Amino acid sequence: MKILVTGNGGREHALAWKFAQSPSVEIVYLAPGNAGSGLDAGLENVAIDVMDFEGQIEFALENEIDLTMIGPEAPLVAGVVDQFQAAGLVCFGPSMAAAQLEGSKIFTKDFLQKYSIPTAKYGSFDSPEAALSYLKTIALPIVLKADGLAAGKGVVIAQTLEEAETTVREMMQENSFGSAGQRVVIEEFLAGEEASFIVIADGKVAIPFATSQDHKAIYDGDKGPNTGGMGAYSPAPVVTDEIHAKVMEQVIEPTLAGMAEEGHPYVGFLYAGLMIDEDDNVNVIEFNCRFGDPETQPIMMRLKDNLADLCLSAIGGTLEGQSLNFEENTAIAVVMASEGYPGDYKTGFEISGIEHADQLGKVFHAGTKTVDGKLVTAGGRVLGVTAMGASVSEAQSAAYKMIDQIHFDGATYRHDIGYRAIEREISVVDT
Ligand code: AMP
Ligand code: GLY
């Protein structure tokens, strides 16, 4: 089987790496991929942009690709899967209509409300006057969200009414989020612990992957601005068996049934970002129509099943009765980023030591490229350094041993990935 994966991040490197482990997979092409995916056995980069659907379709037809997997959200929201299917190609991911679950926060909030799926109370607005008067009716802190895709930067948590008002003006009148911010959702703040709950869906049935937890803030202790994600681990013990069952029953199953009822059956990966409160209540913060980055890296390290067969089964509508198998061990991915990220940063610094780190786990690449035979930094998030261990602490220390082997100028990373799970391990030992 020949596979094409589109995207160039750590997520796509990890998905392609997992595909390549299947004996039935001959080759995995990445469009455009990164330096890491260009080096791995069984993977090959092709220089086609992630939004160049025509180029991708031409490549897939010419090379008789059996399965295309779309990595990031932007092409899914723009309808790439519909275009592949119209060309008679097998493409894994939600249709344009189904991808609205990530593409429009207003669509999603209205959908959640209609199907009684738990989420924060909200209002949605396309006029700044109405938005400003709604602010006076809800408690602080206030969460403001640009409706459309904003590369993970479309959410502001305002601590004061003044800050919330300024944000509304910036989003809606000064277009600081471009067209994504012309319509906004304003919602109640939810307290608790976040978890990532990712499933594969065939339009009717969803099978959960192992649970995971991301670390969105740039600095240790969840301080500083939000990023795309600075590290993740799997499984996430905050999702107990009881909470797992509740999420399937209250969130995943009604979402699949509701999307089918709306005429947009959901086929693809579906990622529910959840908030779990002290009383184990679960609320949906957001949906993503793709796998998480960096959640993919630890989850793919643990997945024992054949990913290609699984995707084909979802496309064929035959997931019912299946379940997935994962290594018992915990996996942790720590992201090494360029100094300055998520703001401005410099690129082009030489990276060394990956071959030593790879002895202890797997280094997935994100913002890397090869220039004159040298591996250099080429993005904000550069590497996802991923290790396994019998406990979260063991996986964590293995990942940081790997990081000790790697060097590039300006490398920054969090030192506490997995800390919430480790606090739980310590409290279990104490009692
Ligand atoms: P999103 O872009 O929707 O993933 O939101 C980014 C981050 O903002 C989430 O991961 C949460 O940490 C936070 N967030 C979003 N909505 C809420 C909410 N209603 N209450 C508390 N935190 C939120
Ligand atoms: N790690 C968060 C995301 O993929 O959206």
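The values are calculated or read from the model by the stated rules, or taken from the named source; none is laboratory data. All figures in this text were calculated on a predicted structure; none of them were measured in a lab. Here Cβ is always computed from backbone atoms with ideal geometry, including for glycine, and neighbour counts include all displayed protein chains. Surface areas here come from the heavy atoms of the whole protein model, side chains and all, with no ligands, DNA or RNA. Shrake-Rupley method; radii C 1.70, N 1.55, O 1.52, S 1.80 Å.
What the table below lists for this structure:
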item: In Hz, Karplus ³J(HN,Hα) per residue of the stretch 276-285 (6.51, -1.76, 1.60; θ = phi - 60°; x = Gly, Pro); result: 10, 8, 4, 8, 6, 6, 10, 10, 7, 8
item: Helix-only [θ]222 nm of the chain, DSSP H runs n ≥ 4, -39500 (n - 2.57) each, per residue, nearest 500; result: -8500 deg cm²/dmol
item: Hydrodynamic radius by Kirkwood, which averages 1/r over all alpha carbon pairs of the chain, in angstrom; result: 22.0 Å
item: Gain upon complete extension [Lys2, Ser427; 0.36 nm per residue less C-alpha separation]; result: 148.2 nm
item: For Ala31, distant residues with modelled amide H under 5 Å away; result: Val5, Thr6, Gly7, Val46
item: Probe 1.4 Å, all protein chains present, accessible-area order of Arg302, Arg183, Arg420, largest first; result: Arg183, Arg420, Arg302
item: Extension gain from Lys304 to Asn226, taking 0.36 nm per residue of separation minus the Cα-Cα distance; result: 24.9 nm
item: With every protein chain in place, the stretch 58-212: carbon and sulfur % of accessible area (1.4 Å); result: 51 percent
item: The chain: relative contact order in percent, alpha carbon pairs under 8 Å with at least 6 residues between; result: 16 percent
item: Peptides 184-190, 268-274 ordered by average Cβ neighbours within 10 Å, highest first; result: 268-274, 184-190
item: Loop chymotrypsin sites (Phe, Trp or Tyr not before Pro), the stretch 107-185 (other Cβ atoms within 10 Å of the site Cβ: 16 or fewer; DSSP); result: Tyr115
item: Cβ-based net charge around Ile207, under 13 Å, with every Lys or Arg adding one and every Asp or Glu removing one; result: -4
item: Rounded accessible area per residue of the chain, 1.4 Å, Å²; result: 41 Å²
item: Unit charges on C-beta of K, R, D, E only; dipole of the chain, Debye; result: 260 debye
item: Spacing of the two label points (7 Å from each Cα toward its C-beta) at Glu327 and Ala86, in nm; result: 4.3 nm
item: Local net charge near Asn8, Cβ-Cβ under 15 Å (Lys/Arg +1, Asp/Glu -1); result: -3
item: By average C-beta atoms within 10 angstrom, highest first, the peptides 162-172, 227-237, 244-254, 291-301; result: 291-301, 227-237, 162-172, 244-254
item: Restraint check, Lys109/Lys204; Lys18/Lys374; Lys18/Lys216; Lys346/Lys401; Lys105/Lys145, Cα-Cα greater than 18 Å; result: Lys109/Lys204; Lys18/Lys374; Lys18/Lys216; Lys346/Lys401
